[in-house]
Amino acid sequence: MLGYRKKILLSDLVLFLIFISILFPFIRNTVGGIVQHSIAQRANELISRLKKEPDASAMVSYLEQENKYVFYRATLFDRNGEVLYDTHLESSDQEMLVETGKTPEVENAIKYGQGYSERFTALFNQVIAYAAFSFEADHEEYILRIGFPFTELKELTNNFEIGFLILGGVILLLYSMMTWAIMHRLSLPIQQIITAIEPYQAGKQEYLPRIEIDTNMQGNDEFFKLAHTLNSLNSRIQKQFEHLERQNEETEAILESLGEGVIAVDIEGVVVFANQVATKMLQTPREEILHRKFSEIKAQRHELVQECSEIIKAAQERAEIVVQTFTIEEGQRFYFDLIASPVKQHSGSILVLQDKTSDYRIVEMGKDFIANASHELRTPITIIRGFAETLNDLPDLSQEMLKEITEKIVRTCHRLDSLVKSLLTLTDIENLSDERLLPVDVVLICDNCKHIILTAHPNAKVNLHKGIEKGVVLADPDLLEMAVINLLQNAVKYSPAPAQIDLSVNAQGKQIIIRVEDHGIGIPEADLPHIFNRFYTVDKARSRKFGGTGLGLSIVKTIVQKHKGTIQVASQLGHGTTFTISLPVEH
C-alpha cells in the first residue's frame, strides 16, 4: 500500500508523461501552423506585388529580378495549372514543368484557392514543403506556389520540442520539489499523530494515548485542531470506558453476592458470564464453563447441565420466561429452580439457578418436627392415660402398687413438662431480639456453669482451662449459660462415673473459643451429621432413662447461631466427644 507522498509523486510522474504525450503533437501542429502562417503571409506580400504588374510577362520579369529575395523556390501558374515561371527550372525542361502543374497543392489551389503538401523532390534531392495560393490580376487568375525545405521545418519543430521538453522537465522537477517540501511540512503533524497512536493500534496500550503536536503549530492550525479534537474525544471515550468498567465491576459484584447462580449466554448459546454460585451448583470450574456452548460443557452434574441447555433453548424459541424445577439424587435429594429469561432484541439469555434444597428440607423438617413432637407428646399422654385408667378401674390396688403408679405418673408429667419447656425455649430463642444482647464475660459464664454442674453432679470432675483472663462477647447471658450447661450435662450423662470433663476458654483471632471435651462413650460417625436435629437421639433407651427430649443439642445450636457463632463436633466411639463453640469478639 503506497503512502500518500508516493502517491503524489507517482501522480506527478503520470501527469508529466501525459503532458509529454500531448506536448509533441501540440508542438508539431503549433510550429507547422506558425510556419504555414508565415509562408502564407510572405506569399500574400509577394502576390500583392505581382498584382501590380500589368501582365504575366511582367510578373515573370519581377520574379526573375527578385529571385534571390523570395523563397527557396517559387513557381507561377496560370489558371489551368501550366507553369509560367519556376525559379529553379529552365523553360527547356518542359517535361518537368508539366509535372509540376499536376501536384496536389496546385490542384487544391485551383479548386479551393490554396493548397499544401510535403514530398520528396528529386530536383533538390530532399523533402520540400509546398504551399500554393490562387490570386487574380488584370482579370486573370494565377497560382503562386512557394517551396521551403522540409528539413529546416523539421529542425525548427525538433528545437521547439526539445526546448519544451527541457522546460517541462525543469518545471516538473521544481513542482515536485515544492510539492514534496510542502507535503512534508503539512504531513509532519499527521506523522506525529500516527506515531502517537501506533502503540494503541498494535495493541501495546489499552487506551489511546494523548497526541502531542509540535509547539511550532499555531493554535488555529487545522492539524492542531484535529489533534485537540482527537484528544478530547479520546478523553471522553476513556472516561466512558472507565464508567462502563465500573458499572461492569459493580454488576459483577452484585451478581457474585447473590445466593442464586447466574449464567449469561449469547444468541449462539455460548456462556459469556457465570458467577461463583453457578459454578458450585454445576460443580465445574469457571474456566471450563466460560466461552463454551452449554451443550459442550463437561460437568459433574451432567443432567443439570443438559436441563439448563434445554430450558435456555426453550426460552429463546418461545421468547418468554421459562421456569422449571429439577431434582437430582446424589446420596441425598437436591432441588433446583431453573429460570431462563431471553434478553431483548434476541441477543442471548439469562439463566438463574436457585438451590431450593434448604427450603424443601425446612418443609421436611417442619413435617418431621410436627410428627416427632406429636409422637413425643403422645407417648407421655398415653402413659398417663393408661395409669389413670388403671387407677379408675382398680380402686382396690395395694399401697405399694398405688405408690409405684403414682411415681410413674409424676415422672411422666415431669418429662412432658420438660418437653413443653424445651419447645417454648426454642420458640423464645428463635425470636431473640438484639436488645437482649449485652457485653458479657465468657470466662465468668463458663466458671458459673462449672459450679452449677458440680452442684448437680458432685462426683463429676470438671477442669476449667482459662487461656484468657477475660473474653467479652455480645450475648444473652442466660441463653449462653444454657448452651454451655447443656453441653456439660450431656458430657456427664454419656460418660461413665465419675465423669471427666475438660472445659476451656481461649481467644483465636477475633473469635472466643469454648471447648467442652469428655471421655465418654462417644457418638457413632453415622449419627454425627444429625445430632443437632430436633428430637434426634443417638441412644433412645439411655435418653428415656435420663428423661431426654432430643432437643438439647438443637437448642444449643440455635443459641450459638443467634449469637452469630458456629458449633462443631468431633467424636470417636469409645473415646469421647468434643464440642467447639466459636463466638465473635465484641468490638
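The values are calculated or read from the model by the stated rules, or taken from the named source; none is laboratory data. Owing to the predicted nature of the structure, the values given are computational and were not obtained by experimental measurement. Counting neighbours? That spans all protein chains shown, and the Cβs are built from the backbone with ideal geometry, glycine included.
Remarks
- Residue pairs whose Cβ atoms lie under 8 Å apart, sitting 6 or more positions apart in sequence or on different chains, and linking a residue in region 233-250 that is free of Cβ contacts under 8 Å to residues at least 40 places away in the same chain to a partner that is hydroxyl-bearing (Ser, Thr, Tyr) and surrounded by 10 or more Cβ atoms within 10 Å (Cβ to Cβ), are Asn234/Tyr207; Gln238/Tyr207; Phe241/Tyr207.
- Here Thr229 passes the criteria (1) outside the structural domain of Ile321 (by TED's automatic domain parsing); (2) over 24 Å from Lys344 (Cα atoms); (3) modelled with pLDDT under 75 except the one numbered (3).
- Residue match in region 469-482 (condition: out of contact with any strand residue (DSSP E or B) (no Cβ under 6 Å at 6 or more places or on another chain), modelled with pLDDT of 75 or more and among the small types (Gly, Ala, Ser)): no
- Candidates in region 172-201 are the residues that are surrounded by 13 or more Cβ atoms within 10 Å (Cβ to Cβ) and β-branched (Val, Ile, Thr); of these, the one that is modelled with the highest pLDDT is Thr179.
- Number of positions in region 448-495 that are in contact with a Leu (Cβ under 6 Å, 6 or more places away or on another chain) and over 24 Å from Phe532 (Cα atoms): 1
- Of the listed requirements (1) over 30 Å from Ile328 (Cβ atoms); (2) at pLDDT below 65, Gly366 misses just one: (1).
- Checking region 149-165 against the condition returns a match, with at least one residue being modelled with pLDDT of 80 or more and either in a strand (DSSP E or B) or buried (at least 19 other Cβ atoms within 10 Å of the Cβ) (or both).
- Selection status of Lys313, farther than 16 Å from Ala264 by Cβ and either in a helix (DSSP H, G or I) or in contact (Cβ under 8 Å) with a residue 12 or more places away in the chain (or both): no
- Per this entry, Val516 is counted among residues that are surrounded by 15 or more Cβ atoms within 10 Å (Cβ to Cβ) and part of a strand (DSSP E or B).
- Selection status of Gly548, assigned by TED's automatic domain parsing to the domain that holds Asn486 and modelled with pLDDT under 75: yes
- Any chance Val442 is touching a residue at least 24 places away in the same chain (Cβ under 8 Å), within 60 Å of the chain's Cα centre (by Cα) and surrounded by 14 or more Cβ atoms within 10 Å (Cβ to Cβ): yes
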